[in-house]
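Reading through the structure tokens given below for one structure.
The values are calculated or read from the model by the stated rules, or taken from the named source; none is laboratory data. Fair warning: this is a prediction, and the values are worked out from it, not measured in the lab. Neighbour counts run over all protein chains shown; Cβ positions are idealised from the backbone, glycine included. The accessibility values were calculated without ligands, DNA or RNA, using every heavy atom of the protein model including side chains. Shrake-Rupley method; radii C 1.70, N 1.55, O 1.52, S 1.80 Å.
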Amino acid sequence: MLALALVVLPLAACSSFNLFSKDEGQAPDIPADRLYNEGLFLLNNKHDYTAASKKFEEVDRQNPYSDWARKALIMSAYANYEARQYDESISAAKRYISLHPGSPDTVYAQYLIASSYYDQIPDISRDQSGTEKALNALEEIVRKFPETEYAASAKKKIEIARDQLAGKEMRTGRYYLEKRNFTGAINRFKIVVTKYQTTRHVEEALMRLTEAYMSLGIVGEAQTAAAVLGHNFPDSVWYKDAYRLVKSGGLEPSENSDSWISRAFKKIGLG
């Protein structure tokens, strides 16, 4: 999947850096601001994200109730994200949201959580539970922070995640068709039509429904699937296939308004 280009939100005291010793050991009395700026130096100048995250974590460990700890926690989440240590980034970001729910940086923490899940979306041949987590986290941004730049970015990623989930259903549905398990195939294509009908997969799903219903002799539903496909996507190559399939049975595409297929499309105003 495409990597996300994230920009650290402006935080107080981020603009200056303190020179520091090469000694990696941190004494308990090292000032929080020094540790924090060491982390920033490693992050911005050295691009050593793992080392930077450790500095920020040390700020939180030594000064857990300070303002520096609050800033360091969100920076730790970001540094871990850049290091592709996604579990650590998610953990730090969730902790930030829990401790500082009213902070202006809460939306950024939520975006880091969503981005960490999103960057791990697997191929459609694999389990898609991670994609579900990414989708839920992205939708939470849109729901809670609709006017932010993060919501605008999240909406684009939501469509990609939904397309991925629809692709997984299509893959499984095609497998069932090949095995002549038509009921199993219909159930998978039904998910695409009802849950993911704004994705690119819906046209093929309607054609496959036509195919499966014709194979079962449920011609009314086959005619409806073909008719809905033709009405909403008249130039689709999948409609041409569905039309030929229905015609081969001596029928014409004809929509039954009581069919679940027809109701599914009218529900969102596509029919």
- Per-q log10 I(q)/I(0), the range 60-125, q = 0.15, 0.17, 0.22, 0.28 Å⁻¹ (Debye; single scatterer per alpha-carbon; no solvent): -0.44, -0.54, -0.83, -1.19
- Round to the nearest 0.05 the FRET efficiency obtained for residue 50 and residue 120 when R0 = 22 Å and r is the Cβ-Cβ distance. 0.75
- Task: Can you tell me what the convex hull of the Cα atoms of the range 51-186 projects to on average, as an area in nm²?
- Result: 9.4 nm²
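Tell me, what does the Kirkwood hydrodynamic radius of the range 191-269 come to in angstroms if you use every pair of distinct C-alpha atoms? Could the numbers behind the result be given before it?
On the way: mean 1/r = 0.0835 Å⁻¹.
Averaging 1/r across every pair of different Cα atoms and inverting gives 12.0 Å.
Carbon and sulfur atoms: what percent of the 1.4 Å accessible area of the chain do they account for? Show your work: numbers first, answer last.
Details: 6890 of 13870 Å².
Roughly 50 percent of what the probe reaches on the chain is carbon or sulfur.
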- Query: On alpha-carbon atoms, Rg over Rh for the range 108-149 using Kirkwood Rh?
  - Reply: 1.04
- With no solvent and one point per C-alpha, what does the Debye sum give as log10 I(q)/I(0) for the range 156-213 at q = 0.13, 0.18, 0.25, 0.26 Å⁻¹? -0.27, -0.50, -0.88, -0.94
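Only Cα pairs under 8 Å and at least 6 apart count here; give the relative contact order of the chain as a rounded whole percent.
Details: 367 pairs, mean separation 24.8, N = 271.
RCO, the chain: 9 percent.
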- Query: From largest to smallest, what semi-axes in whole angstrom does the range 123-271 give when each is the square root of 5 times an eigenvalue of its alpha carbon gyration tensor?
  - Reply: 31, 17, 11
- Using the 2.2 N^0.38 Å rule of thumb for compact globular proteins, work out how the chain stacks up: its C-alpha Rg over that value, please. 1.39
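Among the trypsin sites (Lys or Arg not before Pro) in the range 104-196, which ones are in a DSSP loop with at most 15 other Cβ atoms within 10 Å of the Cβ? Mind listing them?
Details: sites: 126, 133, 143, 144, 155, 156, 157, 162, 168, 171, 174, 179, 180, 188, 190, 195; in loops: 126, 179, 180.
Those that pass, being in a loop and sparsely packed, are 126, 179, 180.
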